[in-house]
1. Considering only the stretch 22-46, state which residues are within 19 Å of the chain's Cα centre (by Cα) and not basic (Lys, Arg).
2. Just name the residue that is modelled with the lowest pLDDT out of those in the stretch 74-114 that are more than 22 Å from residue 133 (Cα to Cα) and not in a helix (DSSP H, G or I).
3. Condition first: part of a helix (DSSP H, G or I), exposed (fewer than 15 other Cβ atoms within 10 Å of the Cβ) and of a type in the set (Gly, Ala, Ser). Now tell me which residues in the stretch 32-46 satisfy that.
4. Name every residue in the stretch 96-110 that is surrounded by 17 or more Cβ atoms within 10 Å (Cβ to Cβ) and among the aliphatic types (A, V, I, L, M), in order of residue number.
5. State which residue pairs qualify: first residue touching a residue at least 40 places away in the same chain (Cβ under 8 Å) and under 11 Å from residue 177 (Cβ atoms) and inside the stretch 221-245, second residue surrounded by 15 or more Cβ atoms within 10 Å (Cβ to Cβ) and among the charged types (D, E, K, R) in any location, beta carbons under 7 Å apart, and separation of 6 or more residues or different chains.
6. Being assigned to a helix (DSSP H, G or I), at pLDDT 90 or above and either farther than 29 Å from residue 237 by Cα or of a type in the set (A, V, I, L, M) (or both) is the requirement here; does residue 3 meet it?
7. Six or more apart or on different chains, Cβ atoms under 9 Å: show the pairs whose first residue is in the stretch 153-168 and surrounded by fewer than 22 Cβ atoms within 10 Å (Cβ to Cβ) and of a type in the set (Phe, Trp, Tyr) and whose second is part of a helix (DSSP H, G or I) and at pLDDT below 90.
8. Kindly establish whether residue 57 is part of a strand (DSSP E or B), over 22 Å from residue 20 (Cβ atoms) and of a type in the set (Lys, Arg).
Amino acid sequence: MIRVLSLVKLVFVSFHVTIGVITCAFIFPISSKKVRLGLIKKWAQMLLLYLNIRVEKVGELPDFKKQTYILTSNHISWVDIFVIHSLYPVRFVSKSEVRSWPIFGWLANRSGTLFLQRQNRKATHAIGHDMVFALREGDSLGLFPESTTSNGLQILPFKSSMLQPAVSEKTPFVPIALRYYLKNGKINHHIPFIGDMNFVSSLLGVLKSPKTTVKVAIGNTITPVDVHRRELAQILEKDTHTLLHEVLK
């Protein structure tokens with residue numbers, strides 16, 4: 001029965017990804033930013049529906065129409081990106097390896113993801129310029145300050161290097177926390193993308209997963225005024241820890 005359901009989900013996801021490819025290739029180039037954001041949000045919502053993942057929001061996001069923001073989150077899986085996109089489509093800063101993922105890497109690139117080569121200092125400097133340019137163009141960004149994924153049970157130390165562009169621009173931050181639950185209230189261990197796992201094996205694991213609820217806790221807005229990026233990283237880490245272990249406990 002589980003195998004049949006997984007196959008059904010795979011068929012629906014494959015069809016939906018095909019629609020995404022067509023949309024990015026032919027609709028995005030002739031669409032306004034508002035239309036593209038709407039399409040990304042709807043596509044993400046439908047993907048989660050086909051993966052049998054329901055989003056439960058705790059708190060409210062600010063009005064992105066009035067202000068550009070940086071969303072920061074703990075990082076558990078590639079699924080996190082679509083959970084956040086289903087709420088509001090930000091431009092993510094992601095590791096360069098994502099670009100090579102089958103199809104999803106291409107979709108990420110076409111939807112505006114900024115790719116970072118983590119071991120290359122010149123590339124890190126360049127991505128900072130790209131982030132500033134995006135913020136000045138009115139694009140909100142998404143960051144995973146842990147710089148890697150975890151099992152979702154704890155918060156790893158937040159890195160501060162990618163926070164500097166937003167600090168320089170005095171862009172407000174909104175910390176959020178994610179946790180994936182099964183129907184019985186236990187943590188879903190099919191979702192984490194950790195260890196030696198590759199994208200294909202992770203996708204298959206998610207397809208095998210039972211019905212899931214991802215709870216998204218939204219914290220208070222933080223505006224970085226007269227604060228060093230390392231101090232900001234500590235504040236965001238602490239707030240995310242509180243959201244994960246007190247709001248989503």
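1. 24, 37, 38, 39, 40, 43, 44, 45, 46
2. Across the stretch 74-114, the extreme among qualifying residues is 102.
3. The answer is 38, and nothing else.
4. 98, 107, 108, listed by residue number.
5. The qualifying pairs are 244/179.
6. For residue 3, the condition - assigned to a helix (DSSP H, G or I), at pLDDT 90 or above and either farther than 29 Å from residue 237 by Cα or of a type in the set (A, V, I, L, M) (or both) - is not met.
7. Here the result reads none, with nothing in the stretch 153-168 linked to a residue that is part of a helix (DSSP H, G or I) and at pLDDT below 90.
8. Yes.
The values are calculated or read from the model by the stated rules, or taken from the named source; none is laboratory data. Bear in mind that the values here come from a model prediction, so they are computed numbers and not experimental data. Here Cβ is always computed from backbone atoms with ideal geometry, including for glycine, and neighbour counts include all displayed protein chains.
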